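The values are calculated or read from the model by the stated rules, or taken from the named source; none is laboratory data. Owing to the predicted nature of the structure, the values given are computational and were not obtained by experimental measurement. Glycine also receives a Cβ, built like all others from the backbone with ideal geometry; neighbour counts cover every protein chain displayed. Each accessible area value is taken on the protein alone, full model and side chains, heavy atoms only, with ligands, DNA and RNA left out. Shrake-Rupley method; radii C 1.70, N 1.55, O 1.52, S 1.80 Å.
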Amino acid sequence: RWNYEERSYDTVMCFSVVKWVHLCYGDKGIRDLFELFSKILRVGGILCLEYQAWNSYKNSKKKGELKQFFSEDCSSKERLFDPSAFEIKPQDFTGLLEREYGFAFLEESDKCTKSKHFKQRPMKMYKRLPDGELAGSHAAV
């Protein structure tokens, strides 16, 4: 478990990590990661989240260097979760952050999607709301 002081960060930047958390720890890993963001960000703090599209998840099983980690022969400690079993998909992240973790969507940057290495990876910014406040119940600026 992570040991961070609650409400101690103004900004959290998470780039090129979310898919790997998802593949290694499943939907629970995504929920744990979003909970961590929610706990460590101060109210009004900003989460910058860059993640890969669903196609990238599906293609992971086809990549030569990863195939062995999806195999039943792989030890359970090293085995990756099969993306087809996920209930949470990347397109669900914004709704999940807003409904369950106290964030409001601010904006999406197209800088990642225009880059050579990060095509089809949105970078979205979210604002940490006060506890109990729902996204959409105010102007989230």
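Data table
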item	result
DSSP-loop chymotrypsin sites (Phe, Trp or Tyr not before Pro) across the range 1-90, with at most 16 other Cβ within 10 angstrom	W2, Y4, F15
Gained length - C48 relative to E65, 0.36 nm times residue gap less alpha-carbon distance	3.2 nm
Options (i) 195; (ii) 114; (iii) 157 - which one matches volume of the Cα convex hull per residue in Å³ as calculated here	(ii)
Whole-percent carbon and sulfur share, accessible surface of the chain, 1.4 Å	50 percent
Under-5 Å amide H pairs with L106, H placed in peptide plane, nonlocal only	M125, Y126, K127
Acute angle (nearest 10 degrees) that the helix 18-40 long axis makes with the longest principal axis of the chain, alpha-carbon atoms	20 degrees
Overall form of the range 20-66 per C-alpha gyration tensor (a/c, 1.5; a/b vs b/c)	prolate
Local electrostatic count, F69, Cβ distance below 14 Å [Lys/Arg +1, Asp/Glu -1]	+2
Positive minus negative residues near Y9 (Lys, Arg vs Asp, Glu; Cβ under 12 Å)	+1
Normalised alpha carbon radius of gyration of the range 47-106 [divisor 2.2 N^0.38 Å]	1.39
Residue-wise HN-Hα coupling along the range 41-55, computed from phi with Karplus coefficients 6.51, -1.76, 1.60 (Hz; x: Gly, Pro)	7, 5, 4, x, x, 10, 10, 9, 10, 10, 9, 8, 6, 4, 4
Net dipole in debye of the chain [+1 Lys, Arg Cβ; -1 Asp, Glu Cβ; about Cα centre; nearest 20]	600 debye
